[in-house]
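The values are calculated or read from the model by the stated rules, or taken from the named source; none is laboratory data. Because the structure is predicted, anything quoted here is derived from the model rather than measured. Cβ placement follows ideal geometry from the backbone for every residue including glycine, while neighbour counts extend to all protein chains displayed.
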Amino acid sequence: MATARIVIVGAGPAGIRCAETLLAAGLKPILIDENRRDGGQIYRRQPEGFTRDYVTLYGTEAAKAKDLHQSFDRLRGQIDYRPDTLVWNLTPGQLCCVSQGKHSTVDYDALILCTGATDRLMPTEGWQLAGTYSLGGAQIALKSQAVSIGHRVVFMGSGPLLYLVASQYVKAGASVAAVLDTSPRIKRIGALPKLLARPGLLFTGMKLLAQLYRAKIPVHLGINPLQVLGDAASGVSGVRISMAKGETLTIDCDAVALGYHLRPETQLADLAGCRMRFDEASSQWWLAVDEAGRTSVSGVYAAGDGSKIRGADAAEHAGRLVAMALLEDLQQPVNIGLRDEQRHALAVMDQFRLGLAQAFPWPAAQAKALPDSAIVCRCEMISAGELRRTVSEKGACEVNRAKAFSRVGMGRCQGRYCSQAGAEVIAAAAGVSVQQVGRQRGQAPVKPLSMLTEEVSP
Amino acid sequence: MMLHKADVVIVGGGLMGSAAAFFLRQRGQSVILLERDQIGQYASGVNFGNVRRQGRFLGQLELANRSWALWRRLPELIDDDLEFIASGHMRVCYREDEIPELEAYAAAPEAAQLDLKIYRGAELHERFPFLGPEVKGGSYAPHDGHANPRLAAPAFARAARRLGARIEEQTEVADVQKVGGEFTVTTTDGRQFSAERLLITAGAWGQKLSEQFGEPVPLDTHGPQMAVTEPVPYALPTVIGVYTKIPEEVIYFRQIPRGNIIIGGGYRSKPDMLNRRAYVEPRSILNQMDQMRRLLPGVGNLNIIRVWSGIEGYLPDSLPVMGPSGNVDGLYYAFGFCGHGFQLGPGVGDVMAELISTGSTSTSIEPFSIRRFASSAEQRTTEQRSRAS
């Protein structure tokens, strides 16, 4: 199968390293990316004509960003690179793509999904008010457009991205009102042995924190979000939280960046029929892949945060490793030394990611405590109370059923931002584990598809 | 082994089975309903949601009228409104020579209760200014409308349960036997249910059971192709559907008060019967976009946010199997509604309950009898025998 049609979806760290490895073996993949430029989310490149330097844009990650971009620039002319192209659906052996309103299909023998991750969100009462962003959204505004999401921004949630984005805002000169972490200090201490698997990265994290303290940004740990304050007309005006010791604190702001680490983008894998598995450590559904990135469907592979949330460094290793798995499956020679190097690096990162999950746990209990009036699904404006009633009055104890009854997860975001919290609300109301209520089935289109979309003749 | 007994056992918890359970309980019959997966999960929960009478086989309108009267009694009937709106239904065509066909339908005595009105030319575009210029005529049914299919079967099942019906979900039938005057249903988890009367409302799987009783039917399965747009201000209360003989031109849409426009029609997909899942074919969506731009030019800049399919049972004459078995006393069928069962659901439940508890029904259902396939089944058997010999 020397002429195998290999398609990689996603030009972030995993996709680029995968393409690079395949190219080195003499294979020329098609690399499809939704974004206009390469780099994915974490190493998102600024639009043409913007001139900020690497340190300004990527801070502690500047060297890695530069290396990845340079690698991409070297291989760009040698592969079939298709930016600004959304894969909105697939059938066995064929991808459905749309680019600038034109629809086309791309046939594949092997498909490598490097689709990355999006923010994992937990609702707080009032989070539907204009001015509430996800951490990732706040980061995109800064990296891509060099703008802050507000004049005075609160960062709330948990996980490494909370500190990374907050410090990037500080560095860019934005006004950061506070960094509010739901995880208490004790969790971090408990996670230290695992986090020490990557002392360099742990040190980077501590540096970020030190930067925040130096800039005199209030950082509160072990908080509990109570409400995003404001009104529909003027949007966010503040946040109200309870502190670790129980007292209530109100902080004025006009924007909130919210997030609890990441969730994988698995829609395409789901539409391809790939099996999913429940990851206990992070308490969410991940794609079931073997060590090298083979999914349960023959010819479909995955790497990076889209299959396992392990961060950008791991994504680069996983991208190389999945390329080598494909080469093996195509009976092509593989550099064993290089392969083992990726495996060892990933083993260390697996350990570290367990530490992160322990240090910054997903705040499942918040879902149970959400007031009935709090909105869970922002697209369809469905409240926690309405969702709970599908359980108590209509007997829905499974997420797809609760979705059918309540519309939670039926909106524009296709459940990206509400289905995990929704599952927690359902599980709590039904008195079962979140694993038992299942996961929302993927449905096309992966992102909204304009009715103006027209077919181009092949 | 524990044996659970009732007057009637129903196999299949779609809209037909759930509604039948409800009306049987109203008539005082004890009922056990067995559903392999979840109530209303397949054809019943994923269809377009048309509560439409016009355009049906004329011989079905008596049943549709009976059902319509029940839809009108929501929410009192089952204490749930199912988001039913009698918004009006407009059946439009792209060709002048199709208008007389719409007129002939409107003039049929069977369609009298529908109060159909034919629109054409300037009057049509004045009344429905959003329709594209290619639309030449249409038949307006003021009393037809639409409802939310996701809610219907579960609501009927809950209402039946409140009246005392026993509803068993995640309960798959392994075997059905009739010994003496009694049917015994054994499920895959080893439980047994028995009754003197058995109703098969198993949709796309109905023929598996009818076949066991010597009544095979040529049932085929298709996946409907549905899409929904993001919400926009509510402006299109009328359900619109295209009347045409060209399959790609078949398109229908409805807007719900929260703003989304639901679209169906065009191609169908082949369901994966092994995993019991049906997908939307990408070409269906592209075709729907083409057809929608033609029918409703203003739809252009909206986004499709979700598509879905399901598993529907079809018979070659596009009519359901409904009524008593031709072979076995006490056995009844209501399945294979060929993609147009949603509006009929309450009426089918009511008629089947009447038939099962009284032995007859005042509504004509003769055209749907399973016996219409009997001769061809006998033929097939004869052919098989002659091939074997």
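Points worth noting:
- Across segment A:338-384, the qualifying residues are those that are surrounded by fewer than 17 Cβ atoms within 10 Å (Cβ to Cβ), under 19 Å from A:GLY431 (Cα atoms) and not aliphatic (A, V, I, L, M), and the one among them that is nearest to the other protein chains (Cβ to nearest Cβ) is A:ASP372.
- Among the criteria (1) touching a helix residue (DSSP H, G or I) at 6+ places or on another chain (Cβ under 6 Å); (2) assigned to a loop (DSSP other than H, G, I, E, B); (3) within 14 Å of chain B (Cβ to nearest Cβ), the one A:VAL434 does not fulfil is (3).
- Summed over segment B:84-100, residues that are in a loop (DSSP other than H, G, I, E, B) and within 30 Å of A:SER406 (Cβ to Cβ) total 4.
- Complete set of residues in segment A:27-54 that are over 16 Å from the mean Cα position of the chain (by Cα) and free of Cβ contacts under 8 Å to residues at least 40 places away in the same chain: A:ARG45, A:GLU48, A:GLY49, A:THR51, A:ASP53, A:TYR54
- Output for segment A:419-431, where each listed residue is away from chain B (no Cβ under 14 Å) and either within 14 Å of A:LEU387 (Cβ to Cβ) or of a type in the set (Ser, Thr, Tyr) (or both): A:GLN420, A:ALA421, A:GLY422, A:ALA423, A:GLU424, A:VAL425, A:ILE426, A:ALA427, A:ALA428, A:ALA429, A:ALA430
- Those strands (runs of 3 or more DSSP E) of segment B:101-205 in which 2 or more residues are crowded, with 20+ Cβ neighbours inside 10 Å, within 22 Å of the chain's Cα centre (by Cα) and in contact (Cβ under 8 Å) with a residue 40 or more places away in the chain occupy B:137-141, B:197-200.
- Positions within segment B:343-370 being crowded, with 17+ Cβ neighbours inside 10 Å and free of Cβ contacts under 8 Å to residues at least 24 places away in the same chain, in sequence order: B:THR361
- The set of residues in segment B:239-256 that are touching a residue at least 40 places away in the same chain (Cβ under 8 Å) and not in a loop (DSSP other than H, G, I, E, B) comprises B:VAL239, B:ILE240, B:GLY241, B:VAL242, B:GLU248, B:GLU249, B:TYR252, B:PHE253, B:ARG254.
- When A:LYS216, A:LYS245 are checked against the criterion of being modelled with pLDDT of 95 or more, assigned to a loop (DSSP other than H, G, I, E, B) and out of contact with any Pro (no Cβ under 7 Å at 6 or more places or on another chain), A:LYS216 stands alone in meeting it.
- Residue selection: B:ASN260 satisfies the criterion of being in contact with a Pro (Cβ under 6 Å, 6 or more places away or on another chain), within 10 Å of another protein chain (Cβ to nearest Cβ) and buried (at least 21 other Cβ atoms within 10 Å of the Cβ).
- Some residue of segment B:284-296 being surrounded by 24 or more Cβ atoms within 10 Å (Cβ to Cβ) and more than 14 Å from every other protein chain (Cβ to nearest Cβ): no
- Test: residue in segment B:87-104 that is β-branched (Val, Ile, Thr) and within 24 Å of B:PRO316 (Cα to Cα): no
- Segment A:397-414 - residue that is free of Cβ contacts under 8 Å to residues at least 40 places away in the same chain, facing another protein chain (nearest Cβ under 8 Å) and touching a Cys at 6+ places or on another chain (Cβ under 9 Å) and, of those, farthest from A:GLN435 (Cα to Cα): A:ARG412
- Condition broken by A:VAL87, with the remaining ones in (1) of a type in the set (Val, Ile, Thr); (2) in a helix (DSSP H, G or I); (3) within 14 Å of chain B (Cβ to nearest Cβ) satisfied: (2)
- A:ALA233 out of contact with any Lys or Arg (no Cβ under 8 Å at 6 or more places or on another chain), free of Cβ contacts under 8 Å to residues at least 12 places away in the same chain, away from chain B (no Cβ under 14 Å) and hydrophobic (A, V, I, L, M, F, W, C): yes
- The lone criterion from (1) more than 14 Å from chain A (Cβ to nearest Cβ); (2) farther than 16 Å from B:PHE48 by Cα left unmet by B:GLY345 is number (2).
- Within segment A:90-112, restricting attention to residues that are away from chain B (no Cβ under 14 Å) and touching a strand residue (DSSP E or B) at 6+ places or on another chain (Cβ under 9 Å), the residue that is surrounded by the most Cβ atoms within 10 Å (Cβ to Cβ) is A:ILE112.
- Against the numbered list (1) within 20 Å of the chain's Cα centre (by Cα); (2) part of a loop (DSSP other than H, G, I, E, B); (3) in contact (Cβ under 8 Å) with a residue 24 or more places away in the chain, B:ASP81 comes up short only at (3).
- Across segment B:297-327, the qualifying residues are those that are part of a loop (DSSP other than H, G, I, E, B) and within 12 Å of chain A (Cβ to nearest Cβ), and the one among them that is modelled with the lowest pLDDT is B:GLY300.
- Looking across segment A:220-243, the residues that are hydrophobic (A, V, I, L, M, F, W, C) and either surrounded by fewer than 16 Cβ atoms within 10 Å (Cβ to Cβ) or over 17 Å from A:GLY159 (Cα atoms) (or both) come down to A:LEU226, A:VAL228, A:LEU229, A:ALA232, A:ALA233, A:VAL236, A:VAL239, A:ILE241, A:MET243.
- Qualifying residue in segment A:135-152 (condition: out of contact with any helix residue (DSSP H, G or I) (no Cβ under 8 Å at 6 or more places or on another chain), more than 14 Å from every other protein chain (Cβ to nearest Cβ) and surrounded by 21 or more Cβ atoms within 10 Å (Cβ to Cβ)): yes
- The condition of being under 26 Å from B:GLY49 (Cβ atoms), free of Cβ contacts under 8 Å to residues at least 40 places away in the same chain and of a type in the set (Gly, Ala, Ser) holds for only one of B:GLY259, B:GLY266, that being B:GLY259.
- Filter result for the condition that a residue is of a type in the set (A, V, I, L, M, F, W, C) and surrounded by fewer than 20 Cβ atoms within 10 Å (Cβ to Cβ), over A:LEU271, A:LEU262, A:LEU249: A:LEU249
- Of the numbered criteria (1) buried (at least 16 other Cβ atoms within 10 Å of the Cβ); (2) under 23 Å from A:GLY136 (Cβ atoms), the one A:ALA215 fails is (1).
- Failed item in (1) modelled with pLDDT of 95 or more; (2) surrounded by 22 or more Cβ atoms within 10 Å (Cβ to Cβ), with A:SER392 passing the rest: (2)
- For B:PRO247, the criteria (1) under 30 Å from B:ILE285 (Cα atoms); (2) touching a strand residue (DSSP E or B) at 6+ places or on another chain (Cβ under 9 Å) hold in every case but one, which is (2).
- Residues satisfying the stated conditions in segment B:195-227, i.e. more than 30 Å from B:TYR252 (Cα to Cα) and polar (S, T, N, Q): B:SER210, B:GLN212
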